[in-house]
1. Who wins for biggest fluctuation among LYS31, LYS48, LYS68 in a Gaussian network model of the chain, springs between alpha carbons below 10 Å?
2. Which one, VAL183, MET131, THR173, is farthest towards the positive end of the dipole of the range 117-191 when Lys and Arg carry +1 and Asp and Glu -1 on their Cβ?
3. With +1 on each Lys and Arg Cβ and -1 on each Asp and Glu Cβ, and nothing else charged, work out how big the dipole of the range 56-110 is about its Cα centre, in Debye to the nearest 20.
4. If you build a Gaussian network model of the chain, linking Cα atoms that sit under 10 Å apart, which residue out of VAL64, VAL45, VAL89 swings the most?
5. Please turn the phi angles of the range 154-161 into ³J(HN,Hα) values with the Karplus equation 6.51 cos²θ - 1.76 cosθ + 1.60 (θ = phi - 60°), one per residue in order, whole Hz, x for glycine and proline.
6. Carbon and sulfur atoms: what percent of the 1.4 Å accessible area of the range 50-100 do they account for?
7. Could you sort 70-76, 95-101, 115-121 so that the peptide with the highest average Cβ count within 10 Å comes first and the rest follow in order?
8. Could you calculate the FRET efficiency of LYS78 with ASN172 from 1/(1 + (r/R0)^6), where r is the beta carbon distance between them and R0 is 45 Å, rounded to 0.05?
Amino acid sequence: PAVDVYVDGTRTVANAPFKAVTPYGNVPAGKHNVMITAAGDKMAVVFKGDVTLTAGTYYTVAAVGYLKNLKPKIFTAKSLNMNKGKAEVNVYHLAPDAPRVQAIAKDYNNAAILPTGVSYGNEYTVNVDPMGVNLDIVPFGKTTPVVKNLSGLSVAGGKSYSIFALGTMSGNTLDFVVTEDKVVADAMMAK
């Protein structure tokens with residue numbers, strides 16, 4: 001279901017549907033109580049717990065697993081990309097029944113973008129030249145079958161991007177969400 005997220009009792013994300021990605025927001029360092037509920041129903045708690053946040057760290061929190069055993073998975077980074085000559089791409093594999101995958105750049109002689117691939121529950125960061133590209137997502141070590149084609153991606157130098165593999169292959173809901181990573185002032189204020 002869509003979810004609401006509360007930080008220290010304040011709803012900071014409202015009615016976020018499956019596949020939603022929020023921007024980074026500023027939250028004071030230290031211990032915080034986080035609660036995730038079904039949207040509009042504070043009694044339908046999906047997760048509740050304390051987290052300790054460190055200053056100068058970017059946190060990406062993803063819901064992983066199937067609904068019956070959904071758990072938050074926290075990924076961290078120390079900065080967003082500042083290198084004007086490269087684009088930073090973070091690939092998050094959050095599809096529980098999908099194999100370890102590789103991204104093949106069709107427009108660049110089928111160059112493999114993820115040297116070791118990425119498996120479920122993991123993230124891999126790669127720095128690439130700014131480019132427009134069509135990617136085939138394939139099982140690691142293979143060129144077929146194409147699990148998903150991501151056409152028309154464009155990444156710019158000095159920016160960070162995230163690609164999230166979501167859904168399931170068995171349920172025919174596998175999808176990829178691509179977003180530019182950025183901090184939005186007041187993104188974590190009351191909603």
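1. Most flexible of the set in this elastic network: LYS68.
2. THR173
3. Result for the range 56-110 is approximately 140 debye, rounded to the nearest 20.
4. Most flexible of the set in this elastic network: VAL45.
5. 9, 10, 10, x, x, 10, 10, 9
6. On the way: 1690 of 3020 Å².
Accessible surface attributable to carbon and sulfur in the range 50-100 totals 56 percent.
7. Result, highest mean first: 95-101, 115-121, 70-76.
8. Values: r = 38 Å, r/R0 = 0.83.
Efficiency, rounded to the nearest 0.05: 0.75.
The values are calculated or read from the model by the stated rules, or taken from the named source; none is laboratory data. Here the structure is a predicted model, which means the values were calculated and not measured. Note that each Cβ is placed from the backbone with ideal geometry, even for glycine, and that neighbours are counted across all protein chains shown. Note: areas computed on protein heavy atoms with side chains; ligands, DNA, RNA excluded. Shrake-Rupley method; radii C 1.70, N 1.55, O 1.52, S 1.80 Å.
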